[in-house]
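Following: one structure in structure tokens, then a few remarks.
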Amino acid sequence: MKNLLFLLLSLFILAGCSSESADAAEEAAEAETATEEQQSPPFSEYLTCTPGPDFNDANARKMVDAWNDLEFAEGFGFAAGHAPLEQSSLGGDNKVYWQLFWTDKDAADAAWAAGPSEEFAAWSQEYESVLTCDGENRRGYDWYWPLGEEANWDRPTEWVTYGHYCKYTDENGLENLRKAVGAFNEYALAEEREPFGYAVYFHNGDNPEPYINYDFFWMNYYYNHEDAQAAYARFGEEGSDIQAMFDAAANCEGPNPSNSYQFYPDPDES
């Protein structure tokens, strides 16, 4: 499961973003096969976490290292931590976020239903002065990696995330988003640029406010903030037509930058 996040890169945001076959009979056969082999989209959860009095880089590393010694449930494959640059974020003031990636929602639900192991409970208690996370109010999302294997992304253990929180402009928002994603993919892949990938997250579950007030979350991933700022500046100069397509689909807040870190698989072994 170590490379689960990247084995799923071949998934595209929606069927409307892929090219159509010219042969109708072939399309019908492919559709039948797809129906038989249909799988749920990959699933991700965010937990809002509160740093404690002993929170610092060294103790956080010890906490994550000890967490990697635990036994994980089937279907779990990747985890990350996100520290917003701004003091206030959607989760409140001085919050950080623990993100889990699963093969699908069923795997996540089964793991939570099984309850914490004795080892996990002991780990949680040992490090509660470093960080506590709100598992009860976790948020669940189906997520998509639209660039697929073509993304210029080489599995860094540290990166930066620039998030946009979006609401559809009208009932045609999803269809317009499909079109915008297709155009943006062509732009992103047009020439060799700084390492970049992005994911789109759609609600799957009874997510709490204020998150549920948004229709989807768009996350841009870069190696560092300098690359991110250069990419945003370039898109501002070159991407006005694509931005107009996004504006027709949704109104988005952001970007909201965070420093991001691989938690699992153990970054020391990656």
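No value in this document is a laboratory result; all are computed from the given coordinates. Predicted model only: the values in this text are computed from it and were never measured. With ideal geometry, Cβ positions are generated from the backbone for all residues, glycine too; neighbour counts draw on all protein chains shown.
Along the range 123-129, what does the Karplus equation 6.51 cos²θ - 1.76 cosθ + 1.60 (θ = phi - 60°) give for ³J(HN,Hα), rounded to whole Hz, x for Gly and Pro?
Each residue of the range 123-129 in turn: 4, 4, 5, 4, 10, 5, 7 Hz.
Could you tell me the number of lysine pairs in the chain with C-alpha atoms less than 28 Å from each other, where the two lysines are 8 or more residues apart or belong to different chains?
9
How long, wide and thick is the chain, going by the Cα atoms along their three principal axes, in whole angstroms, largest first?
59, 45, 35
Once a ≥ b ≥ c are taken as the square roots of the eigenvalues of the Cα gyration tensor of the range 102-165, is the result rounded (a/c under 1.5), prolate (a/b larger than b/c) or oblate (a/b not larger than b/c)? Intermediate values should be presented prior to the final figure.
Numbers: a/c = 2.24, a/b = 1.62, b/c = 1.39.
Cα axes put the range 102-165 in the prolate bin.
How would S124, S240, S89 line up from fewest to most surrounding beta-carbon atoms within 10 angstrom? Display every interim value, and only then the final one.
On the way: S124 16, S240 9, S89 19.
So the residues, fewest neighbours to most, are S240, S124, S89.
Quick one: work out Rg over Rh on the C-alpha atoms of the range 116-262, Rh as Kirkwood radius. Please list the in-between numbers first.
Numbers: Rg = 17.6 Å, Rh = 17.1 Å.
Ratio of gyration radius to Kirkwood radius for the range 116-262: 1.03.
What list of ³J(HN,Hα) values in whole Hz, one per residue of the range 178-190 in order, does the Karplus curve 6.51 cos²θ - 1.76 cosθ + 1.60 (θ = phi - 60°) give from phi, with Gly and Pro shown as x?
3, 5, 5, 4, x, 5, 5, 4, 4, 5, 5, 9, 5
When a footprinting reagent is the concern and you count Cβ atoms within 10 Å, what order do W123, W98 take, fewest first?
Working: W123 17, W98 21.
Ascending number of Cβ neighbours within 10 Å: W123, W98.
Can you list the residues, at least 5 places off or on another chain, whose amide H is less than 5 Å from the amide H of L131, using H built in the peptide plane?
Long-range HN contacts for L131: G52.
Report the equivalent ellipsoid semi-axes for the range 46-184 in whole Å, largest first, defined as the square roots of five times the eigenvalues of the gyration tensor built from alpha carbon atoms.
Numbers: eigenvalues 180, 72, 52 Å².
The answer is 30, 19, 16 Å, longest axis first.
Hey, could you grab the Kirkwood Rh for the range 122-205? Inverse mean 1/r over distinct alpha carbon pairs, Å, one decimal. Please list the in-between numbers first.
Details: mean 1/r = 0.0617 Å⁻¹.
Computed over Cα pairs of the range 122-205, the Kirkwood hydrodynamic radius comes out at 16.2 Å.
Based on alpha-carbon atoms only, what is the radius of gyration of the range 204-264 relative to the globular estimate 2.2 N^0.38 Å? Show your work: numbers first, answer last.
Numbers: Rg = 14.4 Å, N = 61, 2.2 N^0.38 = 10.5 Å.
Cα Rg divided by the expected 2.2 N^0.38 Å: 1.37.
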